[in-house]
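These notes concern the structure reproduced below.
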Amino acid sequence: MSLSFRNEKSSGLLTVARARFAAAMALLLGAGPASAGIRWNFQTPVTPIARQIYHLQDLMFGVCVVIFVIVFGVMFYSIFAHRKSKGHKPATFHQSTTIEVIWTVIPFLILVAVAVPATATLLKMENTSDSALTVRVTGYQWKWHYDYPAQGIGFFSDLSTPVAQIENQEPKNRHYLLQVDHPLVLPVGEKIRFQITAKDVIHSWWVPSFGVKTDAIPGFVNQSWAEIDVPGTYRGQCTELCGMGHAFMPVVVKAVSQADFKKWVAAQKALMVASAAGDNTTWTEADLLSHGKAVFAANCSACHQINGQGIAGTFPPLSAGKPFSAAPAMLQKLRHRGFLTAGGHVVMGPVKNHLRIVLHGIAGTPMPSFSGQLSNADIAAVVTYERNAFGNHTGDVIQPAQVAVLR
Ligand code: HEC
Ligand SMILES: [Cu+2]
């Protein structure tokens with residue numbers, strides 16, 4: 001009780017100090033409106049845990065500043081006031097047991113004062129019991145998948161920053177690399193348990209305002225929780241270096257009222273039913289191409305590149321006629337599937353092989369299976385797009401029903 005009271009007080013003082021410091025720095029740096037968004041501390045906490053972490057850091061910071069001022073104050077005073085030129089001699093109090101006991105006991109007490117609230121916070125973080133909602137979070141190279149097992153909803157959340165901004169052809173917007181097509185939607189005022197894992201390599205799911213930063217490790221499920229009290233949009237990132245696209249898999253969470261959450265769940269379910277029924281629809285070529293372009297940008301461009309030109313030695317181009325050089329074993333497999341000529345040039349192999357590759361991936365290579373991630377319509381669209389973009393003109397138009405057969 002007394003500890004938490006001290007925290008609140010010190011945090012109040014520090015907030016004022018921090019605001020002044022920030023203002024002074026802004027003046028010093030000649031900062032204009034461009035840097036108005038710069039902050040000098042954590043993001044505003046919106047869960048009990050995040051708030052506790054925030055106060056802990058203020059407490060630690062306060063303790064460190066006080067120790068720093070006292071230690072350096074004494075040191076500089078001693079150097080100056082007891083200098084040799086004034087005739088001072090080295091002191092002889094080194095054998096003083098009292099002083100030794102004091103300088104052992106004081107740090108010990110400081111450590112206890114810090115360790116007690118820190119341990120309490122850690123224990124609270126681990127306690128995921130009594131949650132009202134469970135969300136499974138799965139890291140992929142390079143996107144997140146969210147599942148609501150009790151609600152029967154699941155979807156991928158992909159970066160939605162336009163490629164033109166990434167390639168410096170357009171100015172970068174405010175949420176550059178921090179925006180996604182489908183944010184995670186959560187209700188406020190309810191304890192939400194996260195079960196976090198990964199499909200390929202280690203990722204880490206981090207939402208600073210929630211005080212949640214949990215490693216996503218293939219084959220393990222780590223747990224964490226949040227009870228959000230302010231509706232809003234919260235942004236985070238993958239925080240475990242997970243390969244080339246690490247910077248391109250942000251986390252975006254929309255916290256809404258419980259009533260809105262229920263509405264959203266119902267809408268999501270209706271969407272899923274509609275997309276399953278879509279297998280029997282016949283799409284126009286124009287619709288397939290435009291949807292395929294979006295599916296390609298979100299799912300394939302990280303490896304095969306947005307222009308389909310791949311990366312020599314690693315990711316094959318998807319343009320017929322392009323030469324591709326790589327390890328002999330890889331070239332042989334591509335030839336075997338009909339995607340490379342004997343002379344080492346890319347060709348668009350048979351449609352069925354193409355669909356199978358996208359559906360099931362290529363085992364033992366980075367080419368992932370998309371059967372769990374993309375609907376039949378998505379796959380029909382992206383394969384139609386590949387076969388008619390990047391300089392390819394096969395004229396093939398693939399319908400969802402053709403994909404359904406191969407699933
Ligand atoms: C994580 C990286 C990665 C992603 C994402 C990826 N691919 Fe691939 N893809 C590969 C690699 C690597 C190969 C070559 C595999 C081999 O060694 O045979 C490949 C091969 C292919 C091939 C056959 C080879 C060729 O030259 O045409 C096709 C077709 C293909 N990918 C399509 C896609 C489509 C469509 C998507 C998106 C829905 C996609 N890939 C996403 C890495 C990737
Ligand atoms: Cu990652």
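The values are calculated or read from the model by the stated rules, or taken from the named source; none is laboratory data. Here the structure is a predicted model, which is why all the values come from computation and not from measurement. Positions of Cβ are backbone-derived with ideal geometry, glycine not excepted, and every protein chain shown enters the neighbour counts. Ligands, DNA and RNA are excluded from the accessible area calculation, which covers all protein heavy atoms including side chains. Shrake-Rupley method; radii C 1.70, N 1.55, O 1.52, S 1.80 Å.
Here's the yes/no breakdown for (1) touching a helix residue (DSSP H, G or I) at 6+ places or on another chain (Cβ under 8 Å); (2) at pLDDT 95 or above; (3) not in a loop (DSSP other than H, G, I, E, B):
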{"residue": "Ala247", "(1), (2), (3)": "no, no, yes"}
{"residue": "Val253", "(1), (2), (3)": "yes, yes, yes"}
{"residue": "Val265", "(1), (2), (3)": "no, no, yes"}
{"residue": "Lys269", "(1), (2), (3)": "no, no, yes"}
{"residue": "Val273", "(1), (2), (3)": "no, no, yes"}
{"residue": "Asp279", "(1), (2), (3)": "yes, no, yes"}
{"residue": "Trp283", "(1), (2), (3)": "yes, no, no"}
{"residue": "Lys293", "(1), (2), (3)": "yes, no, yes"}
{"residue": "Ala297", "(1), (2), (3)": "yes, no, yes"}
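Filtered by the rule that a residue be over 25 Å from Trp144 (Cβ atoms) and within 16 Å of ligand 2 (Cβ to nearest atom), the stretch 346-389 gives no residues.
Could you tell me whether the stretch 338-350 includes any residue that is open to solvent by 50 Å² or more (accessible area, probe 1.4 Å), of a type outside the set (Asp, Glu) and under 30 Å from Met272 (Cβ atoms)? The answer is no; no qualifying residue exists.
Is one or more of the residues making up the stretch 90-106 open to solvent by less than 60 Å² (accessible area, probe 1.4 Å), part of a helix (DSSP H, G or I) and either assigned by TED's automatic domain parsing to the domain that holds Phe210 or not hydrophobic (A, V, I, L, M, F, W, C) (or both)? Scanning the stretch 90-106 turns up no residue that is open to solvent by less than 60 Å² (accessible area, probe 1.4 Å), part of a helix (DSSP H, G or I) and either assigned by TED's automatic domain parsing to the domain that holds Phe210 or not hydrophobic (A, V, I, L, M, F, W, C) (or both). Residue pairs whose Cβ atoms lie under 8 Å apart, separated by 6 or more positions or on different chains, with the first residue in the stretch 264-282 and open to solvent by 60 Å² or more (accessible area, probe 1.4 Å) and the second part of a helix (DSSP H, G or I) and of a type outside the set (Ser, Thr, Tyr), are Ser275/Ala377; Asn280/Pro400; Asn280/Ala401; Thr281/Ala377; Thr281/Pro400.
May I ask you to say which residue of Leu334, Leu359, Leu355 is in contact with a strand residue (DSSP E or B) (Cβ under 7 Å, 6 or more places away or on another chain) and either part of a helix (DSSP H, G or I) or open to solvent by less than 40 Å² (accessible area, probe 1.4 Å) (or both)?
One residue alone meets the criteria, Leu334.
Taking the stretch 49-66 as the range and being farther than 14 Å from Ala113 by Cβ and β-branched (Val, Ile, Thr) as the test, the residues that pass are Ile49, Ile53, Val65.
The set of residues in the stretch 369-407 that are part of a loop (DSSP other than H, G, I, E, B), open to solvent by 40 Å² or more (accessible area, probe 1.4 Å) and either more than 27 Å from Tyr140 (Cα to Cα) or aliphatic (A, V, I, L, M) (or both) comprises Gly391, His393, Thr394, Gly395, Asp396, Val397. Checking the stated criteria, Ala276 turns out to be out of contact with any strand residue (DSSP E or B) (no Cβ under 8 Å at 6 or more places or on another chain) and hydrophobic (A, V, I, L, M, F, W, C).
Checking every residue in the stretch 387-400 against the condition of being within 7 Å of ligand 1 (Cβ to nearest atom), touching a residue at least 40 places away in the same chain (Cβ under 8 Å) and among the hydrophobic types (A, V, I, L, M, F, W, C) gives zero matches. Set side by side, the residues Val212, Val251, Val230, Val207 differ, and just one is within 25 Å of Leu178 (Cβ to Cβ), in contact (Cβ under 8 Å) with a residue 40 or more places away in the chain and away from ligand 2 (no atom under 16 Å from the Cβ), which is Val230.
Across the stretch 300-313, the qualifying residues are those that are more than 11 Å from Tyr385 (Cβ to Cβ) and either in contact (Cβ under 8 Å) with a residue 40 or more places away in the chain or among the hydrophobic types (A, V, I, L, M, F, W, C) (or both), and the one among them that is nearest to ligand 1 (Cβ to nearest atom) is Cys303. Considering the stretch 312-326, and only residues there that are more than 14 Å from Asn392 (Cβ to Cβ) and open to solvent by 60 Å² or more (accessible area, probe 1.4 Å), the residue that is farthest from ligand 2 (Cβ to nearest atom) turns out to be Pro323.
Of the strands (runs of 3 or more DSSP E) that lie entirely inside the stretch 173-224, those containing 2 or more residues that are open to solvent by 50 Å² or more (accessible area, probe 1.4 Å) and more than 28 Å from Leu271 (Cα to Cα) span 212-216.
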